[in-house]
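The values are calculated or read from the model by the stated rules, or taken from the named source; none is laboratory data. Computed from a predicted model, the values in this text were never measured in an experiment. Neighbour counts run over all protein chains shown; Cβ positions are idealised from the backbone, glycine included.
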Amino acid sequence: MAKITKRLINLDAAAGSDNPSSIHSAGVRTAQTLSEARQTVARVLNAHSDEIIFTSGGTEANNLAIFGLARHRVSNKMCDTRCLTFHIITTKIEHASILESCRQLEHEGFSVTYLLVKSDGLIDLKELAQALRPETILVSIGYANNEIGVIQPLREIAKIIRRRCVFHTDACQAPPFLDLNAARLGVDLMTINSSKVGGPKGSGCLYARRGINLQPILYGGGQERGRRSGTENVSAAANFAQALEKCTRSREKESARLAKLRDYFIKKLLALPGTTLNGSATNRLPNNVNVSFAEADSEFMVLNLDARGVLAASGSACSAQEKPASHVITALGHDATYAQTAVRFTLSRETKKADLDYVLKILPEILKRARIA
């Protein structure tokens, strides 16, 4: 007897490929894949799966956290009668997706306090406490800065806030190196970016603690429990979840290895005349080295390093190519001229001591040319 083979004829082409909202068998399988990805991310964050909102990346997640919370509060008039206007607290060194969102809310009538940071890049906890008001609805402070790698004390910040308002953190740089236990950190909202953990670009998530209500910034079919409409990118979400879980498995060992390389590199760089470390020497990511070379244009340095096979950055790679001096470096108390001399080196799993020694070998010549130019 001939073997009976189940045919698969796709007459649901209008739904697009891998649509988890479809009720047929292919859609059910896709929905299961998405559910497993959500559970994986939740497990890493010690969260519930319904607290994970998949997004197109860190920028969207940050926008959803800020606009979603702010506009929900406005629409529900959730403010003490003493409040004249809603108030948000952030810092001057946040990612552009945070700062620009806050500036837009200022145009909409919100009050925003931009905390200064100390010369080492850390916030002053006393200033944070003094900035809190009855009408404060949100504090958004990045876990680790994307330019200088400085790590903010989230647990201490959470203790100061003590549920007086919602606490959001942009944790895009943190997963390979830092604790992501949302409950232990005391955060209500947390942004994670797939590309920063070795996953596909165009994916990420926002952790939103149960009880935190957000108004959507995207409207449509009501996906992600009505919080983020749009057909889910299941493949990206699944690969993001796997990459996030993988990078956290070796977090402790890899962080220790990179910290040794970082400290070695910093020590050798600071031996070069006119070199200064930007940000705290201790409270920084184990893979981040951000230094300024006096009287040397950072873009000249980066381009000449590239010509010798070394990739580095001047400022943040998340910004447009045409950009002013780094707002992060100037926030440390430096002028724009100094900020233009900053170069960021970030280490990875592939980085070896020999790689750093090669950079140290070619750097003096490049630096000399940069200062002449």
- Message: Condition (residue is surrounded by 17 or more Cβ atoms within 10 Å (Cβ to Cβ), within 30 Å of LEU34 (Cα to Cα) and among the acidic types (Asp, Glu)) applied to the stretch 185-205: is it met by at least one residue?
- Response: yes
Residue pairs qualifying under the 8 Å Cβ cut-off, at least six apart or on distinct chains, with the first in the stretch 336-360 being outside the structural domain of ALA294 (by TED's automatic domain parsing) and part of a loop (DSSP other than H, G, I, E, B) and the second being hydrophobic (A, V, I, L, M, F, W, C) and surrounded by 15 or more Cβ atoms within 10 Å (Cβ to Cβ), are none
Notebook entry, point to check: Do we find a residue being of a type in the set (S, T, N, Q), buried (at least 17 other Cβ atoms within 10 Å of the Cβ), assigned to a helix (DSSP H, G or I) and in contact with a helix residue (DSSP H, G or I) (Cβ under 7 Å, 6 or more places away or on another chain) anywhere in the stretch 304-312?
Noted result: yes
Just one listed residue, out of LEU270, LEU258, is within 23 Å of SER195 (Cβ to Cβ) and either of a type in the set (A, V, I, L, M, F, W, C) or in contact with a His (Cβ under 8 Å, 6 or more places away or on another chain) (or both), and it is LEU258
When LEU272 is run through (1) at pLDDT 95 or above; (2) in a loop (DSSP other than H, G, I, E, B); (3) within 26 Å of ARG38 (Cα to Cα), the failure sits at (3)
Pairing a residue in the stretch 27-50 that is at pLDDT 95 or above with any residue that is part of a helix (DSSP H, G or I) and acidic (Asp, Glu), where Cβ atoms lie under 6 Å and the two sit 6 or more apart in sequence or on different chains, gives THR40/GLU245; VAL44/GLU245
Considering residues that are under 21 Å from the mean Cα position of the chain (by Cα), surrounded by fewer than 18 Cβ atoms within 10 Å (Cβ to Cβ) and not polar (S, T, N, Q), the number found within the stretch 255-286 is 2
